[in-house]
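Quick notes on the structure that follows.
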Amino acid sequence: MTWIHPLAAETEDSADVLGGQAHGLVDLLRLGLPVPPGFVIGTGACRAFLADGRLPDGLDVELAAAVDELEAATGRPPVLSVRSGGRESMPGMMTTILNLPVRQVEPAVVEVLSSWDTPRAQTYRELHGIPHHLGTAVTVQAMVFGNRDHHSGSGVAFSRNPNTGEHAPFGEVLFGRQGDDVVSGRSLTRPLHELADREPAVWAGLLDALHRVEDHYRDACHLEFTFEAGALWLLQVRPGRFAGDAAVRVATDLADEGAIGRGEALLRVSPRQLQHVRIPRIAPADEADVLARGLGACPGVAVGRVATTADNAARMAADGPVVLVRPATSPLDLHGLAAAAGVVTARGGPASHAAVVARAMGKPAVVGIADLTVDVAGAAVGAGGRTVPEGTRIAIDGTGGEVVVGSPRIVTTAAGPHLHRLLGWADEVSGGTPDRPEAERLAAAHAVLGHR
Amino acid sequence: MTWPGPPHATSTDLLVLHALRCIGFAGLGRVAAAAGLPEPDVESELIDLAVAGLVSHAAGDFGGWGLTEAGRAVDAERIAGELETAGTRTVVAAAYDGFLVLNPELLDLCTAWQMRSVDGVVTLNDHSDPGYDARVLDRLTDLDRRAEAVCADLSAAMLRFRRYRVRLTDALASARSGALDDVTDSTASYHIVWFQLHEDLLATLGIPR
């Protein structure tokens, strides 16, 4: 085959050809982990498509053969997923098509390839320095169904806690639903560890998978998974990318565990990460009374009394700080946001009007809490089956997305002991002294390590 | 889709009421800028609207004009009536579809203006890299050019939408000439005007946010 590559442990093509996502799936297969059967149309086909405005000669024949093979492997006409994915991740910018009958696969491939060149995708590449000529790969796989029965579901799992770096599995699971419902935030997810009781075999399989991918990548990892009728399937793996104190703790712990050397640990943390560590966070203590979790949209912690309307926020702010809690943000809320210390919205993502406005005003913000309700008439907000009256003191963390009842402890160096150790190693490497700024100590070590 | 007839002209009192509906609580200057009318005329209309119980004024340093519940209801009714009378619902709905194609990209651009990924870490953009800022502004300029068709179709159907084209152009020109606040931060920034256009389209078509 010229254009198409099997999704198999033997496939040796690079992420340049397969795209980052499919390359990760090949890694999973090599580790003996369960991945739904499928194949990859390499980025070369996309480049040919972009140059000529049509699918390259011979791709149709290869595609028919690959689909036949997939049908033979699954023993029935499979329902397909067709996903885009280039060498560099471009989350949400390109098309993914799910629940596709076999005969629709060619037009779906054309649609996915075309999505490389939408203005929005071009803008994303311009901003992130991704060359326009790379093109996307297309991964075609048999669908697995998290909504098959009551032993089905989907979720995301981290090998370590991405907020703190703590070495414990962390994530979310959605019972009886498909994975796109988890990612979109449309549905209410449960903490990952609930799998342990409800689906012990899936939980055991997932722990094993997290262990194996960490061993392979020698880094904290993120898995997307679906379980169908009790069988676990992995849909994506991604190493690293933790921020701030979590990045510091993971690098230090990995060195202590012997997974990486101290030099490597130092190089895993950029001096910029240390600026992140200085952003105030709600202390990740067990006693914190978490009302809800959303997405952090503007970093920082705000503490204040709940206000359910902009007018109430403006009025209540005269007597001390308030946190504005709204279903979404409209221009009618802006004077309330201006008066508030922070904002929470049920809808929206990190790139929503609410998030943009909160950042413009420098107000800590949490967005995208699927089950948050705002009852203006009843002067209360609700989440997770609890109701909190207007005027209740809450704290919000615009980095981790936590909404906490009361006044929890706020810290700027949750990674304290780990950061201290890491910077000690940095001084050993650079021969410097600890009386310099943290970022400078790390940068000095990087300079030495970079020349070894 | 372009409206074939002459554009519908909105009466001055509704223009002022609806400006307040789309921009939220604001001082006289901002209401006048949104409505595209001289401040004394707008003040006179606001006082009449206040007498009718549709708007209210709060005094003080952070004071300004805001819509009352009654004002919001009357605006919804009159704006819906205007759309039906003018027969422009189909044109406005088509323009809204065009707007929704551009909106995620505009929000991406605003986010990129505020936050930046360096060494794999997302941090606040401190605007110390003119090359990066120029890339964002170039893409914003390109998006603004593509927004032209949406604005033109809206303005051809209803005159009151003309103000958005003027205000977006002003914000972009100002940002390009070095006023960094006019991308996302100021009350006349590109994002705020765009956000108000979004609100206007929702309010005009009667779509809940």
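The values are calculated or read from the model by the stated rules, or taken from the named source; none is laboratory data. Here the structure is a predicted model, which is why all the values come from computation and not from measurement. Reconstructed Cβ throughout: ideal geometry from the backbone, glycine too, with neighbour counts over all protein chains shown.
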Taking A:Gly424 as the residue in question, decide whether it is assigned to a helix (DSSP H, G or I) and over 18 Å from A:Ala288 (Cβ atoms).
yes
I'd like to check something: does the range A:345-362 contain any residue that is modelled with pLDDT of 90 or more, over 23 Å from A:Gly165 (Cα atoms), surrounded by fewer than 16 Cβ atoms within 10 Å (Cβ to Cβ) and of a type in the set (D, E, K, R)?
no
Output the helices (runs of 4 or more DSSP H) that fall wholly within the range B:64-173 and possess 3 or more residues being within 17 Å of the chain's Cα centre (by Cα) and among the acidic types (Asp, Glu), or say none.
B:130-157
Out of the residues in the range A:399-420 that are assigned to a helix (DSSP H, G or I) and surrounded by fewer than 20 Cβ atoms within 10 Å (Cβ to Cβ), which is modelled with the lowest pLDDT?
A:Gly416
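Confirm whether A:Leu98 is touching a Leu at 6+ places or on another chain (Cβ under 6 Å) and either under 30 Å from A:Val202 (Cα atoms) or β-branched (Val, Ile, Thr) (or both). Give the steps one after another, and end with the answer.
Details: touching a Leu at 6+ places or on another chain (Cβ under 6 Å): no; either under 30 Å from A:Val202 (Cα atoms) or β-branched (Val, Ile, Thr) (or both): yes.
Against the criterion (touching a Leu at 6+ places or on another chain (Cβ under 6 Å) and either under 30 Å from A:Val202 (Cα atoms) or β-branched (Val, Ile, Thr) (or both)), A:Leu98 does not qualify.
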If you check every pair at least six apart or on different chains, which have Cβ atoms under 6 Å apart with a residue in the range A:66-94 that is not assigned by TED's automatic domain parsing to the domain that holds A:His133 first and a residue that is crowded, with 16+ Cβ neighbours inside 10 Å and not acidic (Asp, Glu) second?
none
Look through the range A:208-259, keep the residues that are crowded, with 24+ Cβ neighbours inside 10 Å and assigned to a loop (DSSP other than H, G, I, E, B), and return whichever of them is farthest from the other protein chains (Cβ to nearest Cβ).
A:Ala220
If a residue has to be under 15 Å from B:Thr204 (Cβ atoms) and not in a helix (DSSP H, G or I) to count, how many in the range B:10-57 make the cut?
1
Residue satisfying condition, being surrounded by 15 or more Cβ atoms within 10 Å (Cβ to Cβ) and more than 14 Å from chain A (Cβ to nearest Cβ), within set B:Trp65, B:Trp3:
B:Trp3
